[in-house]
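What follows is a single structure, written as structure tokens, with notes after it.
Laboratory data are not the source of any read-out in this text; all were calculated from the coordinates shown. Quick caveat: nothing in here was measured; it's all calculated off a predicted structure. Here the Cβ positions follow ideal geometry from the backbone for every residue, glycine too, while neighbour counts run over all protein chains shown.
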């Protein structure tokens, strides 16, 4: 160990290498964004080894750009390269993560989020000086498209197969034709899946983002449930009282303007014995417990979206790493007497069951 005031040059070298790795990841994120946006990963899925010429023929894209893009993917170890044949291969495992939007491992759309938040980073930096924040309207439209794409595979594999079945009383009511609402519904994927899983139920989705509501309506029509799912541009703090047997929020509470008012409105909107399902990110409220890649992502998106969109409206700005203790505190302040962490193991999500 170096004496006080001295530099441990080996540690300094390791620090520089770690930072350089982050720089490489940030730069490569733009390449992934391009690959996702242009459908390059999808074009390579199940195609076997491809030459640059093969990929150009499949995509009608410029060979010179494709050469550099492909080589960046090889350097990142996303693609396998055969130097003898000059071919590039997207393996099935990487295809599941980058090209298959029905895969539970699909994460390719996160690069849309990265590019969206990077585009407003200068404005967020100014908010550090002035306070306030960045409104949703200042983000590019693909921010909200990406959020929907991110949630879709997670909902498909877990929502009606694991999460809701963990609440038998909610299942019974939905099977008997109960009403459910998803507050902060975005593109409506959760409400649509619940409607399909419980054909007797009636679903409602509420969100302040008008473009997302329009997309949710199109998604419901495409899924064949538009007659049983209603989407409205509405504030979750003004829900109709005593109407819903189940209300859900997915990654909503932590970036809401007034979490207690939101949760109080949800409590009032429940029928007697109704259930409120809260899904939040599976991180701790203590920073020392979040020293891992998930923590790195969460604090970054929290700064670049969650707290700033809340603070822009004079909100609480709680942030994505609120943890179970804050969830319990908010639930109690909103008047919920029952709080149970559902016994579901999930790398990304934690779920709470709230009732009066």
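Can you give the FRET efficiency for residue 237 and residue 102, using 1/(1 + (r/R0)^6), R0 = 35 Å, r = Cβ-Cβ distance, to the nearest 0.05? If you can, show how the numbers build up before the last one.
Working: r = 35 Å, r/R0 = 0.99.
Efficiency at R0 = 35 Å is approximately 0.50.
Please order 304, 208 by the number of other Cβ within 10 Å, starting at the fewest. Could you put the intermediate results ahead of the total?
Values: 304 22, 208 14.
Starting with the residue having the fewest Cβ neighbours, the order is 208, 304.
GNM, the chain, Cα, under 10 Å: largest mean-square fluctuation among 260, 113, 23?
Maximum fluctuation in the GNM of the chain, among the listed residues, is at 23.
What distance in nm separates the two pseudo spin-label positions at residue 340 and residue 138, each 7 Å out from Cα along the beta-carbon direction?
It works out to 4.3 nm between the two label points.
Could you list 167, 73 so that the one with the fewest beta carbons within 10 Å of its beta carbon is first and the one with the most is last? The partial results should precede the final answer.
Working: 167 19, 73 24.
Ordered from fewest to most neighbouring Cβ atoms within 10 Å, 167, 73 come out as 167, 73.
Round to the nearest 0.05 the FRET efficiency obtained for residue 175 and residue 218 when R0 = 25 Å and r is the Cβ-Cβ distance. Numbers along the way, then the final one.
Details: r = 28 Å, r/R0 = 1.11.
In this case the efficiency is close to 0.35.
Which ordering of 301, 7, 164 is given by a fewest-first count of other beta-carbon atoms within 10 Å?
Values: 301 20, 7 8, 164 25.
Placing the least packed residue first, the sequence is 7, 301, 164.
Multiplying the sequence separation of residue 296 and residue 38 by 0.36 nm and subtracting their Cα-Cα distance, what value in nm do you get?
Working: separation 258, 0.36 × 258 = 92.88 nm, distance 2.76 nm.
Full-extension gain reported as 90.1 nm.
Taking the chain as a Gaussian network, where each spring joins two C-alpha atoms under 10 Å apart, which residue of 287, 253, 183 fluctuates the most?
287
Can you work out the FRET efficiency for the pair residue 93 and residue 8, with r the C-beta to C-beta distance and R0 = 45 Å, to the nearest 0.05?
Details: r = 39 Å, r/R0 = 0.86.
The value I calculate is 0.70.
If you take every DSSP beta bridge whose two residues both sit in segment 110-355, what share of them, in percent to the nearest 5, is antiparallel?
Values: 10 of 29 bridges.
Here the antiparallel bridges make up roughly 35 percent for segment 110-355.
Once the chain is represented by equal point scatterers at the alpha-carbon sites, with solvent omitted, what log10 I(q)/I(0) does the Debye formula produce at q = 0.06, 0.10, 0.16 Å⁻¹?
Debye curve over Cα of the chain, log10 I(q)/I(0) at q = 0.06, 0.10, 0.16 Å⁻¹: -0.26, -0.70, -1.43.
Identify which of 22, 245, 82 has the largest mean-square fluctuation in a Gaussian network model of the chain, with springs joining Cα atoms closer than 10 Å.
Taking springs between Cα atoms under 10 Å, the residue moving most is 22.
Roughly speaking, what is the stretch gain from residue 166 to residue 59, that is 0.36 nm per residue apart minus the C-alpha to C-alpha distance, in nm to one decimal? Write out the running numbers ahead of the final one.
On the way: separation 107, 0.36 × 107 = 38.52 nm, distance 4.46 nm.
So the extension gain works out to 34.1 nm.
Let me make sure I get this right: for segment 91-237, a, b and c are the square roots of the gyration tensor eigenvalues over alpha carbons, sorted descending. Under 1.5 in a/c it's rounded, otherwise prolate if a/b > b/c, else oblate. Which is it?
Details: a/c = 2.20, a/b = 1.42, b/c = 1.55.
It is oblate, given that a/c is not under 1.5 and a/b is not larger than b/c.
Roughly what would the spin-label model give for residue 82 and residue 157, points 7 Å off Cα along C-beta, in nm?
3.0 nm
Under the rule of -39500 (n - 2.57) per DSSP H run of 4 or more residues, summed and divided by the residues of the chain, what mean residue ellipticity at 222 nm is obtained, to the nearest 500 deg cm²/dmol? Show your work: numbers first, answer last.
On the way: 14 runs with 163 residues, N = 356.
Per the formula, -14000 deg cm²/dmol.
What nm value, rounded to one decimal, do you get for the distance between residue 68 and residue 227 when each label is placed 7 Å out toward the C-beta?
So the label points at residue 68 and residue 227 sit 5.4 nm apart.
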